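S.K.: My questions will all concern the structure given below.
Any read-out appearing in this document is the output of simple, stated calculations on the displayed coordinates, not a laboratory observation. Here the structure is a predicted model, which means the values were calculated and not measured. All Cβ positions, glycine included, derive from the backbone under ideal geometry; neighbour counts span all protein chains shown.
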Amino acid sequence: MNELFNNSASIALVLVPLVSGLTELVKATSLKPAFYPHASTLIGFLLGMVLWIVQGDGSLVLVGIIAGLSASGLYDQLGAVEKSKEVKR
């Protein structure tokens, strides 16, 4: 159980920046900003599915979803920081 947690945490640490980067690519499309968190979660889910197929561990789908949610939270927080910088100017 401990090994599963450690492996999942390690994979999530790699997936969050990857999902965040792929979400930045999605931002270059005509997708409305309101859908960026959903896109981030979907990207994490899809990466988790790929890892499940490659490694055969179904829990990686959940890790992918968590990574997507984490990346979308990171995106929301960075947006809030940018808005606060604009207000201070």
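S.K.: By per-residue mean of other Cβ atoms within 10 Å, what is the highest-first order of 42-50, 24-32?
M.R.: Listed from highest to lowest mean packing, they are 42-50, 24-32.
S.K.: For the range 38-77, just the Cα set please: Rg and Dmax, both in angstrom.
M.R.: Rg then Dmax for the range 38-77, in Å: 10.0, 34.
S.K.: D for the range 1-66, whole µm²/s, Stokes-Einstein with Kirkwood Rh over alpha-carbon pairs at 10 °C and 1.306 mPa s: what number?
M.R.: 130
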